[in-house]
Each structure stands twice: as C-alpha cells, then as structure tokens.
Amino acid sequence: MANDESQPGLDAPAGGFVQLLTPDGERVDSVTTAEGVTYSVDFTDDEYRELYKDLVTVRRLDAEATALQRQGELGIWASLLGQEAAQVGSGRALRPQDMAFPTYREHGVLYTRGIDPIMPFGLFRGVDQGGWDPNEFKFNTYTIVIGSQTLHATGYAMGITMDGKTGSPEGEAVIAYFGDGATSQGEVNESFVWSGVFNAPIVFFCQNNQYAISEPLERQTRIPLYRRAAGYGFPGVRIDGNDVLATFAVTRAALDNARNGQGPTLIEAYTYRMGAHTSSDDPTRYRIASEVESWKAKDPISRLKAFLTKQQLADDTFFGEVDESARKLALDLRERVLAMPDPQPVTMFDNVYPNGSPEVDAQRQQFADYQASFEGSGH
Amino acid sequence: MVEKITLGKALNHGLRRSLESDSKVVIMGEDVGKLGGVFRITDGLQKDFGEDRVIDTPLAEAGIVGTAVGLAIRGYRPVCEIQFDGFVFPAYNQIVAQVAKMYFRSLGNVRLPIVIRIPYGGGIGAVEHHSESPEAYFAHTPGLKVVTCSNPADAYVMIQQAIASDDPIVFFEPKRRYWEKGDVDLDAGLAGAYPLHASRVVREGSDATVIAYGPMVRVALDAAAAAEEDGRSLEVIDLRTLSPLDLGPVYDSVRRTGRAVVVHEAPGNLGMGSEIAARITEECFYSLEAPVLRVTGYDTPYPAARVEEEYLPDLDRVLDAVDRSFGW
C-alpha cells in the first residue's frame, strides 16, 4: 500500500500507515492510500462508547490474568497489553458468520466473539487445553506452534469457496491472526501461496508488536511486512495497530473484499507489546525503557478516551462506570479462576480419538486400577 | 463382481467409491489431478469429479496437510497424498502437532477426519528419500491412527474405511506392491467388512509365528511357503494396523507356537518390532521357547538402490531368523 500520500500521523513508520485516530485523540475523517483505496468509519456515539468499553474491559481482564500468574494461579500468561486496539478493532469487524483462527494471545478477539473470557484460563492454569467450542463461536482453538494456524485458516477459507459461500455481501470470510515472528515461518509463506493461488476468502492479520520474544523485527524482515503480500499477488495494508478505528475500518473492508470473492488481504497492524512475550521472559534484557515510554504515548485507550472527551461523547461518569464494570468482571473472573478445579486425572484419556482406541482404553483401565489400589493405604 | 486387479488399481477404485459416496470427500496433493499421481493411484478421478474434489495443490507438504485441517474443520473429509515417504517431513509438524492433537485440544469439539496417504518402503530402485519406512514416527504419536495394507483386497476396503472414519489416519501404501494383482470384490460394501483396526492371520501354522505388515507380508508368506518345504509350519500374521496395535491374534498365535519373528523394512532401533517384541514378552513370557527376534532394515540411512536388496529383509533373512529361534 505505502500510503505515502496520506497523512502518516505522529511517529508513523517509514512508508506510513492508515490512521483514523491520532495519539492525541484527533479524528481523521478518512484515509486514501497510494492505491486509491479510501478507509473511513462512521460509528454512532454509542458505538464509539462501546468500543471504548471493549478496550478497557479487555485490558482489565488481561491485567487480572497477569496478576493471577504472578500469584501462582496461572502457569503462564501471554499478555495482550498494548494490542487491545488491534484485537478489538479487528474482532468487532468480523460478522457472526466469519471464522477466526487465533494464536495464543488473542484474548481480545476471543472476547469480541462472545466467548466467556474465562475460557483461555483453563489452558494457562493447566486444567484443560482451552474449553470453547470453535464451531459454536467461530473462533478456533488457540494454536501455540507459531504460524500453523494460518494454514488451517486457509483451508477453511477454501472450504467456504467450495461451499459457494462467497461472492455476495452475505458471504463468509476467515481471519488468521499471527505475529511478526510468524512471518518467518515456512507455513505462513505456504498459507500466502495457497490463498493467492486459490483466491481464498481470507484476511491475514499480522500484529506486528515489534518483538518475537526477544528477537526484534529486524531479525524477521528487511522490508515492511505488509509489502510481502505483493509477492503473493494480493494487497497488503499497514495500519496503526493502536488505532481501533483504523483497525476496524481496514479489517472490515478486507473481510468484505474476501466475502465478495476478491481474495486475500494481508493487514499489518503496527503496534507494540507493552509487556513481556509471556510471563516467563524479561523484556528489560532486550529493549530499552525509552522505547517503551514512546509507545505509551500512543496508547490505544488513552487516545480514544481523549477523542470521546473532546467530542463530548463521554464524561467522567461514563469513564467511571466503564472502569467499575471492568473491575467487577475481572473480580468475577478471578473468583471463577480460583475455583477452577483440577481435572480428574483419568480425563487425560478422554478425547484422544473420536472412535476410541483399545490401547488407550486399556491404559485408562490400568490407570484407574492403579489409582484405586491406593484407596485406604494412606496415599 | 470379483476382479483380479493390482493393489494400485484397488486403491484407485476405493478412492473413487469414497468420492461417490460422500460429497465431502476431497483428494488433495501434488500431481493428483491431471497426472493421476506419480503412481497413478488417483488416475481419472479429477476428470470425473472435478478440480474442486481432486485438487492439484502447490508444491508444499505442510500446506497440503495444514489446509486439510481447515477443510476438515469446515466439514470436509480430506484425503492428502504425500508423494513419497521421505517427503512427509515438511508436513510433520502439521501431522503430529495439529492433526493428531486438535480433537484432544478442543475437548472433542473438533473432529479431523483426515487421511494422509503415504507410499512407503523400498525395492523399486529409487533415489534417496523415495524408499523410506517412517511409520514408527507416526505410530508413536497419540491421536493418530496408522494403518497399512498388503494386498489389493485390503487396499480397496481399508482406504474406504479410513476415509469413512472420523479418526485422523496415516495410511501407508506399500509402493513396491502397487503392481501386484489379487482378487478384489468391487461390489462389497463396508458393512461387515473386516475391521480396519484389526490384524489378521494370513497363513496358519504351528511351529513359529511371523509377524509382518505392508510390503513385508509377501516376504513372510514366501518364507512360510519355503519353510513348509523344509517341514516347518510358519503362521503369518498381517498386522494391518500399527496404531492401535491389534496384538490379540499375535498373542494367541505365539502361545501356540512358542516362537515369534517380527519383520519390517524400517530400521530396527526403536522400530515397530521393538514394541511388538516387548509386548509379546510381557504377555507370552511363559509360552516363549526363544526370544522374540526381529528382522529389519539396518540402522543406516536407506542405502543406494544397487545395494537395497541387501538392506531389505528377504525370504532368506526371515528363514535365518526362524532357524535361530529354533536353535535357542
């Protein structure tokens, strides 16, 4: 895309990006890219407020999870701090019929799909593998091996085409989430090839949060990631990933293009992971404080708050209510997470095969017998 | 209608029948369409079922299996063709980390009825990566089922059973047997067919049990015929299923014969034979007259074709092992 002609906004990367809300909370009516594509949003006042509520809620839930991990209640947590706009904007752009394929950090997208936010906690607490039904919520299981899910998304999108569910506004589309590190994976390359060749109705949504654990973007690429799309024959667009309006506008347009039969789009959401990759690493070893500080000034929530305030769409009462609502949700989540029981050990034998297996059945029985042998023996 | 056809043709007929019986079945792989596959196993299927049912894919194995996962989530029943055994490894992550685990990971909510067809084994004079036997890698992975056919009749039925199953299945095809003929009842339905995940006694005998699968079943049967001339009665069991292993018939047999020889092409170290020998020892210890012996490929990379006949277990090596068993 390289919307060089458009307003690049403050601290935009070289080549610019689509931005509809500046870090100061100034609204940009529309952005026209160098390719002549115009992006804009037209939200009602309520919709602006709802987006703000989403952002605050998601951040609060994430903060609660981080706290739970520090208190030993979760084995690990992959925080989305700083990436709320990228996730909420893209997630809210999805229609009910669209299917999402996440990595393991898309708690904000999960929230927008209407899934109980406690669901990923089973995985991180270690009591299950994540418990939602992907078919019911159109949100697949978390995928931990980097990049694998982009191929699943592509195959699913091919199935949409084979089902004749493209070519109209009522069509279906797929979104695949991944990070900047994943773009180095062969499987992501293959998913780009496949999607281009089969003109699959898919949006590749790369959250470029600048680091793959400790590896900076410079270790993944020599060119802006969105420009890779050209090599596969479909458009690439870079957006200000901390701008929920731009994220929504561009994702919605790309999804509509996909459902209308115009094939894939790669979106690079230029953002920043404010916290660690997961609770197990130490970002102070690989990035400097001034960098973090500079990104704080681009915070996705503060800019929407500034906009709402300037436009007199919300006041302190509203902001207080949102904070209180998020706090209650987080406390409720905390209580429920603490109450999550450990699974019965014998359940490890469940769901290995749809049709079962005599070998697994035999081991289940051996295990049960062995466990039973301890009853009353003081173990 | 019983016809005498090759194993390759039997697979082709089986695939055709699966495509006919379920509109959700799709075949995908490199060269499977116009060419009909490098071994012609999918010959004519794209012509009759169209490019959406028999999909010529880009040349990338992870992509073939990875997109099959998405298609399966969407409700399709993909049948992936990996062109040769040694080419499966780019897809290995998708097979063992995704295909094998998504049902478990999703607490049973996502079924992946995927079949991954892999022509395997040596004996056709091929170059590197075209003659390997990687079955143990997959049989070691919970969540996958692994089967292999050894004759045309089984090939015809087993491929249909695998496609109809909701379990993810790695389906190994003995490529050196593609051209061997046998009687196949093309009208037989799946109802009442011999179960997919069951081993079978293919030759009865009383003096020793020879356990084989896939391409080695023919070798074991030939060895049994030769042994008979020497007055020794070998029972031959075709495992057919490598995961789950169906060793009930093996235990029954070994308890009668007291001797067991396991035969496979793959390297012996930590191979299928190791597992089978261990289990026979656990289950049949007091019936054994000798240790369970293995006849396998050597623990080397698959050698150059001009010496592969020395690498591959043959009739003489099987008979030698039987002799050693009796010498115990």
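Here are the numbers for the structure shown:
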quantity: Test: B:P313 is open to solvent by less than 60 Å² (accessible area, probe 1.4 Å), without any contact (Cβ under 8 Å) to a residue 40 or more places away in the chain and either of a type outside the set (D, E, K, R) or not in a helix (DSSP H, G or I) (or both); calculated: no
quantity: Only listed residue being of a type in the set (S, T, N, Q), surrounded by fewer than 22 Cβ atoms within 10 Å (Cβ to Cβ) and more than 20 Å from B:H140 (Cβ to Cβ), chosen from B:S253, B:S233, B:S274; calculated: B:S233
quantity: Number of the condition not met by A:V145 [criteria: (1) more than 13 Å from chain B (Cβ to nearest Cβ); (2) surrounded by fewer than 19 Cβ atoms within 10 Å (Cβ to Cβ)]; calculated: (1)
quantity: Condition met for B:A10 (more than 14 Å from chain A (Cβ to nearest Cβ), touching a Cys at 6+ places or on another chain (Cβ under 9 Å) and either open to solvent by 50 Å² or more (accessible area, probe 1.4 Å) or assigned to a helix (DSSP H, G or I) (or both)); calculated: yes
quantity: Single residue of A:I223, A:I267 found to be open to solvent by less than 30 Å² (accessible area, probe 1.4 Å) and of a type in the set (A, V, I, L, M); calculated: A:I267
quantity: Those residues of the stretch A:125-136 which are in contact with a helix residue (DSSP H, G or I) (Cβ under 9 Å, 6 or more places away or on another chain), under 21 Å from A:A63 (Cβ atoms) and either away from chain B (no Cβ under 14 Å) or surrounded by fewer than 17 Cβ atoms within 10 Å (Cβ to Cβ) (or both), in sequence order; calculated: A:R125
quantity: Residue that is without any contact (Cβ under 8 Å) to a residue 24 or more places away in the chain and in contact with a helix residue (DSSP H, G or I) (Cβ under 9 Å, 6 or more places away or on another chain), where the choices are B:A208, B:A191, B:A224; calculated: B:A224
quantity: Single residue of B:T241, B:T209 found to be within 14 Å of chain A (Cβ to nearest Cβ) and open to solvent by less than 10 Å² (accessible area, probe 1.4 Å); calculated: B:T241
quantity: Extreme residue, nearest to A:Q87 (Cα to Cα), among residues of the stretch A:193-215 that are within 10 Å of chain B (Cβ to nearest Cβ) and crowded, with 20+ Cβ neighbours inside 10 Å; calculated: A:I202
quantity: Residue list for the stretch B:177-202, filter: of a type outside the set (A, V, I, L, M), farther than 25 Å from A:P358 by Cα, more than 12 Å from the chain's Cα centre (by Cα) and outside any loop (DSSP other than H, G, I, E, B); calculated: B:K181, B:G182, B:D183, B:D185
quantity: Any hit, the stretch A:339-360, residues being within 30 Å of A:Q69 (Cα to Cα), charged (D, E, K, R), in a helix (DSSP H, G or I) and in contact (Cβ under 8 Å) with a residue 40 or more places away in the chain; calculated: no
quantity: Failed criterion for A:L81 (all others in (1) open to solvent by 10 Å² or more (accessible area, probe 1.4 Å); (2) in a helix (DSSP H, G or I) hold); calculated: (2)
quantity: Residue under evaluation A:E64, criteria (1) assigned to a loop (DSSP other than H, G, I, E, B); (2) crowded, with 21+ Cβ neighbours inside 10 Å, criterion not met; calculated: (1)
quantity: Hey, A:A306 away from chain B (no Cβ under 14 Å), of a type in the set (A, V, I, L, M, F, W, C) and free of Cβ contacts under 8 Å to residues at least 40 places away in the same chain or not; calculated: no
quantity: Residue within the stretch B:169-182 that is away from every other protein chain (no Cβ under 14 Å), closer than 27 Å to B:R317 by Cα, open to solvent by 10 Å² or more (accessible area, probe 1.4 Å) and hydrophobic (A, V, I, L, M, F, W, C) present; calculated: yes
quantity: Residues of the stretch B:264-304 satisfying the condition of being farther than 18 Å from B:A208 by Cα, acidic (D, E) and in a loop (DSSP other than H, G, I, E, B); calculated: B:D299
quantity: Residue selected from the stretch B:34-55 under the condition within 14 Å of chain A (Cβ to nearest Cβ) and farther than 22 Å from B:Y178 by Cα, by the criterion surrounded by the most Cβ atoms within 10 Å (Cβ to Cβ); calculated: B:I55
quantity: Enumeration of residues in the stretch A:348-376 that are open to solvent by 60 Å² or more (accessible area, probe 1.4 Å) and within 14 Å of chain B (Cβ to nearest Cβ); calculated: A:M348, A:N355, A:P358, A:D361, A:Q363, A:R364, A:Q366
quantity: Count of residues meeting criterion [free of Cβ contacts under 8 Å to residues at least 60 places away in the same chain, surrounded by 20 or more Cβ atoms within 10 Å (Cβ to Cβ) and either farther than 25 Å from B:A100 by Cβ or facing chain B (nearest Cβ under 7 Å) (or both)] in the stretch A:163-190; calculated: 4
quantity: Cross-chain or 6+ apart pairs with Cβ under 6 Å, the stretch B:101-116 first and facing chain A (nearest Cβ under 7 Å), then part of a loop (DSSP other than H, G, I, E, B) and of a type in the set (A, V, I, L, M); calculated: B:M102/B:V110; B:M102/B:L112; B:F104/A:V352
quantity: Flag if A:S184 is farther than 24 Å from A:G89 by Cα and small (G, A, S); calculated: yes
quantity: Number of positions in the stretch B:67-94 that are in contact with a Phe, Trp or Tyr (Cβ under 7 Å, 6 or more places away or on another chain) and more than 8 Å from every other protein chain (Cβ to nearest Cβ); calculated: 1
quantity: Counted residues, the stretch A:229-247 - those being open to solvent by 20 Å² or more (accessible area, probe 1.4 Å) and either under 22 Å from A:V56 (Cα atoms) or in contact with an Asp or Glu (Cβ under 9 Å, 6 or more places away or on another chain) (or both); calculated: 1
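For every residue, the table says whether it meets (1) more than 16 Å from A:L81 (Cα to Cα); (2) open to solvent by 50 Å² or more (accessible area, probe 1.4 Å); (3) β-branched (V, I, T).
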| position | (1), (2), (3) |
| --- | --- |
| A:H277 | no, no, no |
| A:D282 | no, yes, no |
| A:R285 | yes, yes, no |
| A:K298 | no, no, no |
| A:S302 | no, yes, no |
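The values are calculated or read from the model by the stated rules, or taken from the named source; none is laboratory data. This is a predicted model, so every value here is computed, not measured. Cβ: placed from backbone, ideal geometry, glycine included. Neighbour counts: every protein chain shown. In case anyone asks, the SASA skips ligands and DNA or RNA and just uses the protein heavy atoms, side chains included. Shrake-Rupley method; radii C 1.70, N 1.55, O 1.52, S 1.80 Å.
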